[in-house]
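Notes follow once the structure below has been shown.
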């Protein structure tokens with residue numbers, strides 16, 4: 001259902017592009033001839049007003065017919081030129097002139113040699129005879145209009161090609177995801193040299209081999225960004241190449257232009273028009289990629305973060321277009337000597353507003369601001385985006401191009417409506433039992449409507465209905481509670497940080513038993529499920545709070561029974577053993593049988609004896625003591641050598657092995673690099689999956 005609907009959005013945009021490119025234009029032969037004749041003043045027959053003279057003047061008709069006859073153009077275009085003169089221009093003036101009348105005027109002037117050469121006419125003189133224009137003036141006038149129209153048409157075509165480019169990428173990803181869903185065992189077992197090379201060089205590695213999750217920070221934080229994966233980078237690079245090419249092709253500049261006297265005027269106008277049209281297509285793409293309720297996420301199986309990466313790069317390209325558009329038009333108006341009037345126009349004012357706030361949006365979208373002032377960034381981001389859309393709307397009001405603005409507003413409205421619908425389905429009366437552990441981790445057990453069921457890797461945006469944060473919503477991964485009797489509860493584990501989580505943590509700490517019931521709104525679920533249950537060997541690697549995501553997969557495997565036919569390795573890296581306290585129910589669930597190979601690595605500097613002193617007091621019967629001993633046997637007090645672990649697991653795997661990692665950026669990048677490096681060292685087909693965040 002979502003597959004065709006996802007692709008339909010691109011089809012609709014392409015149809016809109018086609019419609020714009022095919023929008024009817026004035027006949028170039030007719031418009032070119034009337035433009036070439038615009039400085040000629042013919043005698044106005046008695047009884048006709050000035051604006052009706054030309055339709056009643058046989059001299060004008062003969063001159064026009066001669067111009068059309070000698071113009072470069074198809075016979076149909078020439079015929080339509082006469083049709084436009086008689087049926088449009090003259091009909092609007094309420095003067096009955098037929099094509100035969102025009103032909104008779106032309107034949108009479110030709111037969112009786114009534115034409116006078118344009119070079120013999122004094123400027124401003126009233127003409128009583130038809131005029132023979134120069135062939136060059138006719139050609140230049142028509143070429144000028146063709147170039148202006150062609151530039152606008154090609155701008156729409158190029159915008160459509162950019163839409164088609166992303167549509168093609170989404171289509172390929174959608175059908176690959178469909179193949180994975182329909183025939184997962186076959187797809188993930190493909191292990192020939194070609195697929196291994198493709199994974200090793202294109203789909204798995206980071207762009208430059210290592211850094212992806214860890215941001216690259218250079219030049220005093222001026223450069224602070226996450227490098228896309230190699231596959232994402234190829235997609236972005238292809239887009240930017242097209243973006244660059246389309247701005248410098250099909251721009252015809254010549255010295256005889258009858259409306260734009262200099263080459264700089266032509267370049268500035270054509271570039272302003274080109275960037276103005278193309279940026280509207282890009283604007284729709286930015287909204288299409290930015291929404292939480294992006295149906296392409298489900299269709300492609302990609303993460304939201306992938307689409308946000310594309311959103312950022314398309315937005316940057318779009319703003320380059322906006323800036324060039326503004327600068328080029330300013331240069332154009334200055335050179336024409338009309339800048340003062342243009343500067344005070346309504347169109348200019350709204351365009352300037354859009355350019356300024358667009359620049360503010362791009363500047364404050366820098367990673368530094370997103371990290372340091374996340375909530376303020378989100379609020380300001382939408383305020384300035386709204387101002388940008390308003391500015392765009394009024395800037396285009398007289399140009400009949402606001403269909404793209406309407407499309408952006410519709411996408412935004414759909415996303416907001418879908419969010420409210422999700423909140424309604426989850427239950428507007430949902431409540432969370434919040435507890436805090438070690439002054440560090442908040443654990444929420446949430447009662448919700450149970451209209452939808454929890455799936456591995458899913459996340460939701462939580463809004464805590466408190467006076468100091470009810471307007472905020474943050475994404476957190478959740479899983480189904482493994483505790484008997486609580487199977488219908490959603491569990492969230494949240495690391496306490498600054499901002500909303502810090503304020504919430506302080507409130508919970510102030511409670512006598514360090515727990516409190518808080519009403520919440522759940523905007524979810526979101527996310528895609530990785531098919532780890534389809535692999536013979538499944539390796540789940542988590543760091544810290546990232547265990548929330550990896551546990552959700554193991555819980556599903558155990559509940560569904562698929563784990564009986566799998567070798568499941570569960571690796572959790574934590575700084576202190578006390579971290580187990582907030583995840584003890586889940587660890588016990590994993591250790592309840594031998595179906596999961598649990599490996600816990602404690603990297604902090606501390607003695608083993610200090611870690612479980614409180615735990616020993618809690619587990620005093622035989623079963624619980626056995627559980628505690630089982631837990632101790634799974635703990636390693638060292639930093640894991642992930643490269644060695646991954647290498648050994650790949651070599652030992654038989655048919656298929658899938659890796660999922662969720663943790664700090666450095667761990668994710670190390671795991672990705674190790675999996676990529678060890679591809680082909682064993683006989684099993686290898687896949688790698690990564691969760692961008694857990695909380």
By my count, helices (runs of 4 or more DSSP H) wholly in the stretch 23-120 with at least 2 residues that are at pLDDT 90 or above and under 29 Å from residue 150 (Cα atoms) are 28-36, 58-70, 75-83
Of the residues that make up the stretch 532-550, is at least one closer than 28 Å to residue 307 by Cα, part of a loop (DSSP other than H, G, I, E, B), out of contact with any strand residue (DSSP E or B) (no Cβ under 8 Å at 6 or more places or on another chain) and touching a residue at least 40 places away in the same chain (Cβ under 8 Å)?
no
TODO: Evaluate the stretch 500-516: report whether one residue or more is at positive phi and out of contact with any helix residue (DSSP H, G or I) (no Cβ under 8 Å at 6 or more places or on another chain).
DONE: no
Is it fair to say residue 520 is surrounded by fewer than 14 Cβ atoms within 10 Å (Cβ to Cβ), modelled with pLDDT of 90 or more, over 19 Å from residue 582 (Cα atoms) and not assigned by the TED database to the domain that holds residue 556?
no
Restricting the stretch 211-227 to residues that are out of contact with any strand residue (DSSP E or B) (no Cβ under 8 Å at 6 or more places or on another chain) and buried (at least 16 other Cβ atoms within 10 Å of the Cβ), the one nearest to residue 656 (Cα to Cα) turns out to be 211
message = With the structure loaded, tell me whether residue 162 is loosely packed, with under 13 Cβ neighbours inside 10 Å, modelled with pLDDT of 90 or more and under 40 Å from the mean Cα position of the chain (by Cα) or whether it fails that test.
response = no
Condition (residue is without any contact (Cβ under 8 Å) to a residue 12 or more places away in the chain, at positive phi and exposed (fewer than 15 other Cβ atoms within 10 Å of the Cβ)) applied to the stretch 476-487: is it met by at least one residue? yes
The condition from (1) within 30 Å of the chain's Cα centre (by Cα); (2) buried (at least 16 other Cβ atoms within 10 Å of the Cβ) that residue 417 misses is numbered (2)
Checked the stretch 551-572 for anything assigned to a helix (DSSP H, G or I) and more than 29 Å from the chain's Cα centre (by Cα); matches are 551, 554, 555, 556, 557, 558, 559, 560, 562, 563, 564, 565
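Quick grid of which residues meet (1) crowded, with 18+ Cβ neighbours inside 10 Å; (2) over 20 Å from residue 386 (Cα atoms); (3) in the same structural domain as residue 398 (by the TED database); (4) at pLDDT 90 or above:
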position: 300; (1), (2), (3), (4): yes, yes, yes, yes
position: 314; (1), (2), (3), (4): yes, no, yes, yes
position: 329; (1), (2), (3), (4): yes, yes, yes, yes
position: 332; (1), (2), (3), (4): yes, yes, yes, yes
position: 345; (1), (2), (3), (4): no, yes, yes, no
position: 350; (1), (2), (3), (4): yes, no, yes, yes
position: 354; (1), (2), (3), (4): yes, no, yes, yes
position: 370; (1), (2), (3), (4): no, no, yes, no
State whether the residues of the stretch 124-138 include one that is in a helix (DSSP H, G or I), touching a helix residue (DSSP H, G or I) at 6+ places or on another chain (Cβ under 6 Å) and surrounded by 20 or more Cβ atoms within 10 Å (Cβ to Cβ). yes
Restricting attention to the stretch 443-469, the residues that are surrounded by fewer than 22 Cβ atoms within 10 Å (Cβ to Cβ) and either not assigned by the TED database to the domain that holds residue 480 or not in a loop (DSSP other than H, G, I, E, B) (or both) number exactly 5
Counted residues in the stretch 672-691 being more than 29 Å from the chain's Cα centre (by Cα) and either free of Cβ contacts under 8 Å to residues at least 40 places away in the same chain or surrounded by 19 or more Cβ atoms within 10 Å (Cβ to Cβ) (or both) come to 9
Worksheet item: Within the bounds of the stretch 99-106, is there any residue that is surrounded by fewer than 19 Cβ atoms within 10 Å (Cβ to Cβ) and within 54 Å of the chain's Cα centre (by Cα)?
Response: yes
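The values are calculated or read from the model by the stated rules, or taken from the named source; none is laboratory data. Only a predicted model underlies this, so the values are computations on that prediction, with no experimental measurement involved. Every residue, glycine among them, receives a Cβ derived from its backbone with ideal geometry; neighbour counts consider all protein chains shown.
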